[in-house]
Every structure is written in C-alpha cells, then in structure tokens.
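Written below as structure tokens is the structure these notes are about.
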Amino acid sequence: MKYKIAVIPGDGIGPEVTGEAVRALEAVAASFGHQFTYEYVQAGGAAIDSCGECLPQATIEAAKAADAVLLGAVGGPKWDGLPGEERPEKALLRLRKELGLFANLRPALMFDELAEACPLKPEKVEGGLDLLVVRELTGGIYFGERGVRETADGPEAYDVERYSQKEIRRVAEIAFEMAMKRNRKVTSVDKANVLESSRLWRKTVAAVAERYPEVKLENLYVDNAAMQLVYNPKQFDVLVTSNIFGDILSDEASMITGSIGMLPSASLAEGAFGMYEPVHGSAPDIAGSGRANPMAAVLSAAMMLRYTFGLMAEAEAVEAAVKSVLAAGYRTPDIMTDGCIPATTLQIGTLIAERIAERK
Ligand code: NAD
C-alpha cells in the first residue's frame with residue numbers, strides 16, 4: 001500500500017520525537033512491504049520564525065493533500081510574549097478547524113511494565129487499564145460566541161456552549177464504532193441535570209445507541225465521571241463527551257497511566273483522514289538533550305496505521321515493539337525506575353525500529 005503523510009515536526013522536542021515515529025513507520029514499510037512518503041511542513045514557532053505566521057497556507061495545503069498528518073508539538077518560551085492570536089499554539093486550533101477534525105481519541109493504556117508510575121492504589125488498576133476517551137473537538141464552548149460587556153456592576157464575560165444534533169451524532173458514531181472493536185461499552189458524559197446542550201447530547205447519543213444493540217450505553221454526569229475515573233477506572237471502555245468536558249477528563253484519564261511521554265492521540269475527520277500527535281507539549285526544558293521519550297509519538301504513528309490506513313497487524317507490530325523495549329528494561333528519564341537501563345530518544349527509537357523489523 002502507498003500512503004502520503006504530512007509531517008509537522010513543530011518545536012522543542014517535536015522534531016526529535018516525530019523523527020523516531022517516522023523511523024518506526026519506515027521499519028513497518030520495509031517489514032510489511034508498504035510505501036510511505038513524507039512531506040515535511042512547518043507550524044508553530046518554527047513557522048513563525050521562518051515565515052512570520054504560525055500556520056502557513058502551504059502547511060494547510062500539504063495536510064489536506066496527505067492521507068494523514070503526523071504532528072510533534074508546538075510552542076515554547078521564545079514565543080510566549082506574542083499576543084494570543086499569533087502564538088504557536090493557535091496553529092493547532094486552526095488546523096483542527098481547517099481539517100475538520102471533530103473527534104479526538106485519547107487512549108489511556110497502562111503498560112504492565114510501568115504500573116509503578118500509576119498514582120492510584122495497585123488494586124484499582126490490577127490486571128491493567130485500557131480505556132479510550134473520545135472528545136468532541138470542533139464545537140461547544142471553545143468555539144462558541146464569546147465576549148465581555150459592560151454592566152452597571154462592572155465588566156461581565158460570557159462563553160456560549162452550543163451543540164447541534166449533527167455535531168453530537170457524528171462524534172457519538174465514532175465512539176460506538178470504537179466500542180464495537182473493543183469491549184462494547186460506551187459511557188456518555190454530560191451535565192444533563194443542568195445544561196440544555198447536555199440534554200440534546202444525551203438524547204442524540206441514545207438515538208445513535210439504538211443502531212448498536214451490541215454496545216451497552218451508560219450515561220454519567222461529568223462530576224460523577226471525574227470521580228469514577230479515579231475510584232474505579234476499570235469500569236470504562238469508551239467515554240464520549242463534549243469538547244470542554246473531554247479536555248479535562250482526558251487529562252485525568254491519561255495521568256492514571258503514568259508518564260505523559262507515553263500518551264498518543266488521534267484527531268479524526270469524516271472519512272478516514274486523521275491527525276496524529278503525542279499528548280505532550282514541546283517540552284522546551286529537555287529539548288535537544290536526548291531525554292525526550294519518543295514512545296507517545298511512535299504510538300501515535302501506530303494509531304495512524306490502525307485508524308486511517310486500516311493496517312491492524314502493522315499497528316500491533318509497533319505497539320508490540322514498544323512493549324518489548326519496555327519489557328527489556330530500557331527507559332528514558334521520565335519513566336526511569338531502579339534497575340532499568342537508561343536510554344536516549346535515539347536509542348529508544350532504534351530499539352523500537354529493530355523490533356518492528358524483527359517483528360518480535
Ligand atoms: P509539556 O508537555 O511540554 O511538558 C510538561 C513536562 O513533561 C515537562 O517537564 C517536560 O519535560 C515533560 N515531558 C513532556 N513530554 C515529554 C516526553 N516526550 N518525554 C519526557 N518528558 C516529557 O507541557 P508544558 O511544559 O506545559 O508546555 C511546554 C510548551 O508546549 C508550551 O509552549 C505549551 O504551550 C506547548 N504545548 C503544546 C502542545 C501541543 O503542541 N499539542 C500541548 C501542550 C503544550
């Protein structure tokens with residue numbers, strides 16, 4: 001198979017970790033007989049420095065022309081003084097809108113080898129943890145009408161939460177499709193006891209659920225969901241929720257698994273197109289030092305293989321290679337524990353690529 005990938009390395013450790021993700025993809029290509037081509041384009045601080053804007057038109061066009069996008073991370077102290085609209089991070093919001101990436105998938109998968117990093121009591125996660133947060137990404141309060149108005153009591157600010165049935169339906173469909181390939185349970189999270197938008201959310205999700213009789217649907221209020229995630233995270237399979245609730249709950253779910261350097265994500269559009277990126281930022285504090293953990297980026301590439309290219313065995317080979325490197329005891333500093341073997345970004349990437357090539 002032939003696929004075209006737009007690579008946006010970004011800033012800080014972005015180029016380092018995407019470099020290792022591309023090496024993993026190349027090992028897959030060689031091992032399974034595929035052909036991946038890469039178009040490198042810029043966004044974030046690197047783009048501001050080279051052409052004065054955080055998301056050049058050429059980047060948008062390259063992303064649209066590709067089958068999938070692999071992104072590192074953007075931002076850093078060098079650009080922190082810029083006004084909000086010009087900051088590197090703005091590139092991400094614009095890319096999501098331009099590419100129609102309406103569903104963000106964040107798996108929280110705990111590797112047995114890293115169980116020590118889990119902040120919960122061992123019995124809460126015994127036997128492993130594997131849940132998936134599906135967050136609506138282009139609607140809701142982050143994109144709603146906003147403003148500040150003067151009142152007799154001083155300024156008053158507002159942000160509007162607004163969801164159409166269509167926006168809710170398409171993200172719910174993604175959640176149910178994912179659940180069909182997993183453990184067939186969807187937990188829809190809302191605040192339907194208070195919010196009108198949540199009542200439409202709940203009604204729409206229920207209608208989608210009728211088309212998936214094999215999948216069990218459960219509804220939780222967001223405050224209860226936040227509590228249940230730390231009280232009994234193993235009850236969850238797929239969680240689906242709005243933009244703002246998903247922003248918060250996906251961070252909470254991911255922290256249960258330990259290091260931020262291990263967490264991949266996918267953002268999907270209609271059809272199979274997707275943008276894949278590690279959850280972490282550009283980590284300017286360790287950029288260029290060889291300390292960055294490339295596993296989140298490599299696992300993001302595995303998600304690309306699975307969700308956009310439909311290459312299941314190839315995705316599993318990448319995930320198995322990561323697991324095998326962990327099992328052999330190699331660790332970047334962020335996941336280091338006693339008795340393990342220190343390794344650099346490049347060394348971890350090399351070990352992963354070797355294992356993919358050997359299909360261990
Ligand atoms: P961060 O995720 O970059 O770093 C938080 C901490 O985690 C740091 O100590 C860092 O060294 C560590 N860390 C992160 N990724 C790691 C990895 N792969 N291996 C080892 N350690 C890792 O978050 P931050 O410090 O809040 O933000 C730094 C910059 O990144 C900011 O400019 C922020 O706006 C940007 N940011 C970008 C994205 C993105 O591009 N998607 C996401 C979050 C933050």
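The values are calculated or read from the model by the stated rules, or taken from the named source; none is laboratory data. For clarity, every value in this text was computed on a predicted model and none was experimentally measured. Cβ placement follows ideal geometry from the backbone for every residue including glycine, while neighbour counts extend to all protein chains displayed. For accessibility, only protein heavy atoms count, side chains too; no ligands or nucleic acids. Shrake-Rupley method; radii C 1.70, N 1.55, O 1.52, S 1.80 Å.
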Quiz prompt | Solvent exposure ordering (accessible area, 1.4 Å, most first) of Ser250, Ser324 | solution = Ser324, Ser250
Quiz prompt | Pairwise FRET efficiency - Val148 versus Ala313, Cβ, R0 = 56 Å, nearest 0.05 | solution = 0.55
Quiz prompt | Kirkwood Rh in Å, taken over all unlike Cα pairs in the chain | solution = 21.1 Å
Quiz item: Along the charge dipole of region 134-275, Cβ charges K/R +1 and D/E -1, which of Ala209, Gly139, Asn224 sits furthest on the positive end?
Solution: Ala209
Quiz item: About the Cα centre of the chain, what is the dipole size in debye to 20, counting +1 per Lys and Arg Cβ and -1 per Asp and Glu Cβ, all else neutral?
Solution: 980 debye
Exercise. Considering the convex hull of the alpha carbon atoms of region 119-256, report its projected area averaged over all viewing directions, in nm², one decimal.
Key: 9.7 nm²
Self-check item: Gaussian network model of the chain, springs between alpha carbon atoms under 10 Å - residue of Gly100, Gly349, Gly154 with greatest fluctuation
Solution: Gly154
Quiz item: If you stretched the chain out fully between Tyr40 and Glu173, how much longer would it get, using 0.36 nm times the residue separation minus the C-alpha to C-alpha distance?
Solution: 44.7 nm
Exercise. Considering only DSSP beta bridges where both residues belong to the chain, give the percentage that are antiparallel (nearest 5).
Key: 40 percent
Exercise. Give the long-range amide H neighbours of Phe36: residues separated by 5 or more places, or on another chain, with amide H under 5 Å away, using H modelled in the peptide plane at 1.01 Å from N.
Key: Tyr3
Quiz item: Over region 119-256, what is the mean sequence separation of C-alpha contacts under 8 Å (at least six apart), divided by residue count, expressed as relative contact order in percent?
Solution: 38 percent
Quiz item: Separation between the Ala30 and Ala328 pseudo-spin-labels, each 7 Å from Cα along Cα→Cβ, expressed in nm?
Solution: 1.5 nm
Self-check item: Estimated 222 nm signal from helices in the chain, with DSSP H stretches of n ≥ 4 weighted -39500 (n - 2.57), rounded to 500
Solution: -12500 deg cm²/dmol
Quiz item: Looking only at region 205-229, which residues have a backbone nitrogen under 19 Å from a spot 7 Å from the Cα of Arg199 in the C-beta direction?
Solution: 205-208, 219-223
Quiz item: Rounded to the nearest 5, what % of the DSSP beta bridges within region 119-256 are antiparallel ones?
Solution: 30 percent
Quiz item: Under 28 Å from the Cα of Lys78, which lysines turn up, not counting those fewer than eight places away in the same chain?
Solution: Lys90, Lys97
Practice problem: Let me know the shape class of region 1-160, please: from the alpha-carbon gyration tensor, a ≥ b ≥ c as square roots of the eigenvalues, rounded when a/c is under 1.5, otherwise prolate if a/b is greater than b/c, or oblate. | Solution: oblate
Exercise. Could you look at the chain and say what percent of its accessible area is carbon and sulfur, using a 1.4 Å probe and all protein chains?
Key: 53 percent
Quiz prompt | Relative contact order [Cα under 8 Å, 6+ residues apart], the chain, whole percent | solution = 23 percent
Practice problem: Show me 132-139, 67-74 ranked by packing, highest mean number of other Cβ atoms within 10 Å first. | Solution: 67-74, 132-139
Quiz item: Label points 7 Å out from Cα along the Cβ direction at Glu116 and Glu89: separation in nm?
Solution: 3.3 nm
Quiz prompt | Within region 119-256: Cβ-based charge dipole about Cα centre, in debye rounded to nearest 20 (Lys, Arg +1; Asp, Glu -1) | solution = 600 debye
Self-check item: Accessible area per residue, Å², the chain with all protein chains present, probe 1.4 Å
Solution: 43 Å²
